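Down below is the structure, laid out as structure tokens.
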Amino acid sequence: DVKVTQSSRYLVKRTGEKVFLECVQDMDHENMFWYRQDPGLGLRLIYFSYDVKMKEKGDIPEGYSVSREKKERFSLILESASTNQTSMYLCASSLDSPGEQYFGPGTRLTVT
Amino acid sequence: GENVEQHPSTLSVQEGDSAVIKCTYSDSASNYFPWYKQELGKGPQLIIDIRSNVGEKKDQRIAVTLNKTAKHFSLHITETQPEDSAVYFCAANTLGGGADGLTFGKGTHLIIQP
């Protein structure tokens, strides 16, 4: 079974802090994705990566950056957290593009 | 960019009846249309997908239809059961440089009434 793990289920940070969300997949997938999920808005793509050190902007990249130094790990960085970044963050990976994406359980981030 | 509209936002059906969720997309270049099911406290999980070279696909009680001309696709669940209660998302791929992203609809909360 494909497993996508996220470093925290719940996280509380203060405005202005630098925040790192980590995601690890164990199936040697080339592609990894970060989404945020908000009530009534569905899932929105923030960034994705199709290879180590390669990244591509999604629909809402503003205020975020990403890092992929190893194939299995994809990090989402909030350089200076703001209250409007309070959300559920979901990581996913896929072997094919386009193809089935396997999601982690999510990190619920609260910025106060 | 791609825009995906999904209806209805909430759907309540009697156990054993059928449920239909509809989506439209805007980018004619999209060629991959997955459906995800999300249960409370979990990440979304793929239940069925369809590619643009096929008009219909079935997997037991679940089917998806695609009309490329009209740019819409639908999820059909027959003989609904209590475990079908969840939030369902449709999506369409958005072509990128090295890989494709997915644009999701806003979701449908499906409630199966006993």
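Numbers at a glance
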quantity: Selection count where residues are open to solvent by less than 60 Å² (accessible area, probe 1.4 Å) and of a type in the set (Gly, Ala, Ser), scope the stretch B:1-35; calculated: 5
quantity: Any hit, the stretch A:35-50, residues being at pLDDT 95 or above, more than 30 Å from B:Lys37 (Cβ to Cβ) and either within 14 Å of another protein chain (Cβ to nearest Cβ) or open to solvent by less than 50 Å² (accessible area, probe 1.4 Å) (or both); calculated: no
quantity: Restricting the stretch B:1-20 to residues that are polar (S, T, N, Q) and modelled with pLDDT of 95 or more, the residue that is farthest from the chain's Cα centre (by Cα); calculated: B:Gln14
quantity: Qualifying positions in the stretch B:36-48 - over 9 Å from B:Ala86 (Cβ atoms), within 11 Å of the chain's Cα centre (by Cα) and more than 7 Å from chain A (Cβ to nearest Cβ); calculated: B:Tyr36, B:Ile47, B:Ile48
quantity: Residue selected from the stretch B:62-84 under the condition in contact with an Asp or Glu (Cβ under 9 Å, 6 or more places away or on another chain), assigned to a loop (DSSP other than H, G, I, E, B) and open to solvent by 10 Å² or more (accessible area, probe 1.4 Å), by the criterion farthest from the other protein chains (Cβ to nearest Cβ); calculated: B:Glu79
quantity: Within the stretch B:1-61, strands (runs of 3 or more DSSP E) holding 1 or more residues that are in contact with a Leu (Cβ under 7 Å, 6 or more places away or on another chain) and in contact (Cβ under 8 Å) with a residue 60 or more places away in the chain; calculated: B:10-14, B:19-25, B:32-38
quantity: Test: residue in the stretch B:85-106 that is closer than 16 Å to B:Leu11 by Cβ and more than 14 Å from chain A (Cβ to nearest Cβ); calculated: yes
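The values are calculated or read from the model by the stated rules, or taken from the named source; none is laboratory data. All of these numbers come straight from a predicted model, not from anything done at the bench. Glycine also receives a Cβ, built like all others from the backbone with ideal geometry; neighbour counts cover every protein chain displayed. Protein only, heavy atoms only, side chains kept; ligands, DNA and RNA dropped before computing areas. Shrake-Rupley method; radii C 1.70, N 1.55, O 1.52, S 1.80 Å.
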